[in-house]
1. Can you pull out every residue in the range 305-329 that is closer than 23 Å to Asp144 by Cα and either of a type in the set (S, T, N, Q) or assigned to a loop (DSSP other than H, G, I, E, B) (or both)?
2. Which pairs do you get when a residue that is at pLDDT below 95, found in the range 118-138, comes within reach of a residue that is of a type in the set (Gly, Ala, Ser) and open to solvent by 70 Å² or more (accessible area, probe 1.4 Å), reach meaning Cβ atoms under 7 angstrom, with the pair 6+ apart or on two chains?
3. Consider the range 282-329. How many of its residues are within 14 Å of the chain's Cα centre (by Cα) and of a type in the set (Gly, Ala, Ser)?
4. Check off (1) closer than 30 Å to Glu213 by Cβ; (2) free of Cβ contacts under 8 Å to residues at least 40 places away in the same chain; (3) surrounded by 14 or more Cβ atoms within 10 Å (Cβ to Cβ) for Tyr91 and give me the number that stays unchecked.
5. Can you tell me which of Thr231, Thr190 is closer than 30 Å to Asp40 by Cβ and surrounded by fewer than 18 Cβ atoms within 10 Å (Cβ to Cβ)?
6. Would you confirm whether or not the range 287-305 contains a residue that is open to solvent by less than 10 Å² (accessible area, probe 1.4 Å), hydroxyl-bearing (Ser, Thr, Tyr), modelled with pLDDT of 95 or more and over 13 Å from Lys261 (Cβ atoms)?
7. Tell me the residue from Thr149, Thr90 that is closer than 22 Å to Val52 by Cβ and not aliphatic (A, V, I, L, M), please.
8. Does Ala262 qualify as being surrounded by 17 or more Cβ atoms within 10 Å (Cβ to Cβ) and either at negative phi or in contact with a strand residue (DSSP E or B) (Cβ under 7 Å, 6 or more places away or on another chain) (or both)?
Amino acid sequence: MTRKKLMLALFLFLLFPVSVFANDQVILGGESIGIVMEYDGVMINGTYSITVDGKAYDPKQDDFQAGDVIISANGKRVASIEELNQIVRTYQEPINSIPIVIRRGDKELKKTLISVYQKEINAYQSGLYVKDEITGIGTMTYYDPIHHTFGALGHAIDPSGQAQNGLLYGSIVTGIIPSKPNAAGEKSATIDFEDPIATVTLNDTIGLYGTYERKVNGQTIEIAKQEEVHTGKAQIYTVIEGTQVEAFDVEITQVNPQDQKAIKGIEFTVTDPKLIEKSGGIVQGMSGSPIVQDGKLVGAITHVITSEPTKAYGVYLSFMKELSDSAAD
């Protein structure tokens, strides 16, 4: 390479620097996110009694349980409520017995779905409450720029573990219903469903994990080891209006040593007057908000203590990072 070409190469490198991240560094989150998780089928989330020939029929007698997922009906796979309804509508007798297959945990079980025509409402009823997706609001905890993975929420969005695939979207916080003792508040937000920002591939007991493709700008921060977390002053990062991520003061009051992942490793109290005035403490939608101490990312908010909403729990960030690393494999 000639001297002139060498100088040009060095000049271009200076114009376009390459970011270098260590494996224990991530980009700090705190943004409000919209979450949509889908089931591989139609999930049963409750039952109700219906009348069959003047007698009350309770689907629980047939051993349907909340968390069961209907994966086929009349021998056809179903992926949505609409697909299930299309099959159910082909049965036009006053009382119908429809063969279905449900997934319960890792087992597939054959069951019978009863549909009954109710003249009063001109519709069929089955006695089952069902849903095919979960939609909610949470907070992004961090982005891993090395693996293009993320960690968010800090706890499971679906305790049954059946909802595993989904998308994350940007959201704008439009208001907050403050928390009060024994009454958890919540964020109100609009979700931009037109522009997904990440793909969820893992719904774990301590959060959501997956991959992202877009360019992310933000503060690079080191992840603290569990033994580095201590009682004392810290900050949480979250959005209370619009899309602006803000830092708020908290006091870590207890750290619980843990050998395995759990949602109550860190206990803290909100001390920031602005946050207390605005939200009464921790509200729904703040789950996943990063906790920072001594300039390091130590954890994420998981749950508020409803009897005292200025107090809450957090999960150690080191556990979350292990799971986001696995999402890159």
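The values are calculated or read from the model by the stated rules, or taken from the named source; none is laboratory data. Here the structure is a predicted model, which means the values were calculated and not measured. Quick reminder, even Gly has a Cβ in these numbers, built from the backbone with ideal geometry, and neighbours come from all protein chains shown. The accessibility values were calculated without ligands, DNA or RNA, using every heavy atom of the protein model including side chains. Shrake-Rupley method; radii C 1.70, N 1.55, O 1.52, S 1.80 Å.
1. Ser318, Ser324, Ser326, Ala328, Asp329
2. Gly127/Ser49
3. Final tally of qualifying residues: 6.
4. With respect to (1) closer than 30 Å to Glu213 by Cβ; (2) free of Cβ contacts under 8 Å to residues at least 40 places away in the same chain; (3) surrounded by 14 or more Cβ atoms within 10 Å (Cβ to Cβ), Tyr91 is out only on (1).
5. It is Thr190.
6. Looking for residues that are open to solvent by less than 10 Å² (accessible area, probe 1.4 Å), hydroxyl-bearing (Ser, Thr, Tyr), modelled with pLDDT of 95 or more and over 13 Å from Lys261 (Cβ atoms), one finds at least one in the range 287-305, hence yes.
7. Thr90
8. Answer is no for this residue.
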